[in-house]
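Since the structure comes first, as structure tokens, the remarks are kept for the end.
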Amino acid sequence: MNENTTALVTGANKGIGYEIAAGLGTLGWSIGVGARDDRRREAAVEKLRAAGVDAFGVPLDVTDDVSVTAAAKLVEEHAGRLDVLVNNAGVTGGMDQLPTTANIETVRTAVETNVYGVIRVTNAMLPLLRRSASPRIVNMSSSVGSLTRQSTPGAETGPIAVAYAPSKTFLNAVTVQYAKELRDTNILINAGCPGFCATDLNGFRGVRTPEQGAAIALHLATLPDDGPTGGFFEDDGVVPW
């Protein structure tokens, strides 16, 4: 990959998504800043450009078919192909998330963005990714989606969350299915955990910075052609399913 490489990062106007965009931008890549809020998206693009990043705005609501189709068309018109897709946009779904008392809409909201949104965007961008010499897809997951860790007595897995945690388990399973279908192509797709970062998603209670959280995405986005696919990774290595 070189200075002509184009990446799209969803939910890139703030937090970990912004830092992923900034980090990939330092490689000389052209970065599509995907976000649904016009003002925040353009502010992020301006900030990235001021830092020397070749950034362009991509209006994108991952829960809306029309918006996603338009985003794919915009990327095609801008670059003709897509080399890297980082599915970063995500939500908690809301509160409360105790299984016995949560509203089913809370679960539906989390899955709509964290899973259906990833499928929707990935499928829309795949024709552009297939034009790349070394296409990469990174799905930003979370270790709270690890069933192994969730079922290990004494393991630190955060609060009980019937919407958010299972949505990430679902996303991990979806990632594996894509890897199986795409195994005979040059597309590498993996899930990455950024760790417990201080972002507005958790009321800034995290212990890692968004920049630290972005590191795993940068690693997976720049894997060599013989790199892994269908895996689940964090900074320290493989996350158990």
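Just one of the numbered conditions (1) of a type outside the set (Ser, Thr, Tyr); (2) modelled with pLDDT under 95; (3) closer than 21 Å to Leu74 by Cα is not true of Glu156: (3). Exactly one residue out of Arg49, Arg41, Arg81, Arg36 is touching a residue at least 40 places away in the same chain (Cβ under 8 Å) and among the basic types (Lys, Arg), and it is Arg81. The residue that is farthest from Arg130 (Cα to Cα), among those in the stretch 1-39 that are among the β-branched types (Val, Ile, Thr) and crowded, with 21+ Cβ neighbours inside 10 Å, is Ile16.
Out of curiosity, is Leu126 in a helix (DSSP H, G or I), surrounded by 15 or more Cβ atoms within 10 Å (Cβ to Cβ) and touching a strand residue (DSSP E or B) at 6+ places or on another chain (Cβ under 9 Å)?
It is true that Leu126 is in a helix (DSSP H, G or I), surrounded by 15 or more Cβ atoms within 10 Å (Cβ to Cβ) and touching a strand residue (DSSP E or B) at 6+ places or on another chain (Cβ under 9 Å).
Residue by residue, here is whether (1) modelled with pLDDT of 95 or more; (2) of a type in the set (A, V, I, L, M) holds:
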| residue | (1), (2) |
| --- | --- |
| Leu74 | yes, yes |
| Thr92 | no, no |
| Glu105 | yes, no |
| Gln150 | yes, no |
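Considering Ser151, Ser143, which residue is buried (at least 17 other Cβ atoms within 10 Å of the Cβ) and not hydrophobic (A, V, I, L, M, F, W, C)? The match here is Ser143. Taking the stretch 1-43, which residues are in a loop (DSSP other than H, G, I, E, B) and in contact with a Lys or Arg (Cβ under 6 Å, 6 or more places away or on another chain)? Within the stretch 1-43, Asn13 is the sole residue that qualifies.
If you check Gly93 against the conditions, is it surrounded by 14 or more Cβ atoms within 10 Å (Cβ to Cβ) and at positive phi? Criteria met by Gly93. Scanning the stretch 46-82 for residues that are part of a loop (DSSP other than H, G, I, E, B), farther than 21 Å from Pro194 by Cβ and within 20 Å of the chain's Cα centre (by Cα) gives Asp61, Thr63, Asp64, Arg81, Leu82.
The values are calculated or read from the model by the stated rules, or taken from the named source; none is laboratory data. Everything numeric here is computed off the predicted structure, so don't read it as measured data. Cβ sites come from the backbone with ideal geometry, for glycine too, and all protein chains shown count toward neighbours.
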